[in-house]
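The block underneath contains the structure these notes are about, expressed in structure tokens.
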Amino acid sequence: MQKIEKAATNISECIINKELEKNDAGQLLEAQIIDRLSDLLIKHFNVYPKVIATYGTAERLSGSKYRLTARDLIYLFFEVQNEFAITITAEDIREYPFNSIENICQIVTGKLQPD
């Protein structure tokens, strides 16, 4: 139980500290992207940090653990674009990859990488 509470606390601390570190190439680190995505879920969809810590980032957002609706996912789609100043195209979400924190992180990472 302490591990779950500690993980939830770590997520909350990351959310409070909005400064983002960048790697040597000036890119956001994957863990920071996940923290920002977690922040969006907590802020806009009332997902408890404990849920994220318990079920992890690979769990489907529309599944029984996170319980986001189709409308929520659409709202999250626009919030992610706004949060990271990126444009997600239809090609980026083909085959339903916009379904977990982990997969959304991969989309964001791909968009933020220089060509």
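What follows is calculated from the coordinates using simple rules that are stated; it is not laboratory data. Keep in mind it's a predicted model, so treat the numbers as computed, not measured. Cβ sites come from the backbone with ideal geometry, for glycine too, and all protein chains shown count toward neighbours.
With labels modelled as points extended 7 Å from the Cα through the Cβ direction, what inter-label distance (nm, one decimal) is found for Thr57 paired with Tyr75?
It works out to 2.3 nm between the two label points.
Between Gln113 and His44, what FRET efficiency comes out of the Förster formula 1/(1 + (r/R0)^6) with R0 = 22 Å and r the beta carbon distance, rounded to 0.05?
Calculated value: 0.30.
Using just the C-alpha positions of segment 37-106 as equal point scatterers, what log10 of I(q)/I(0) does the Debye formula give at each q in 0.14, 0.20 1/Å?
-0.38, -0.79
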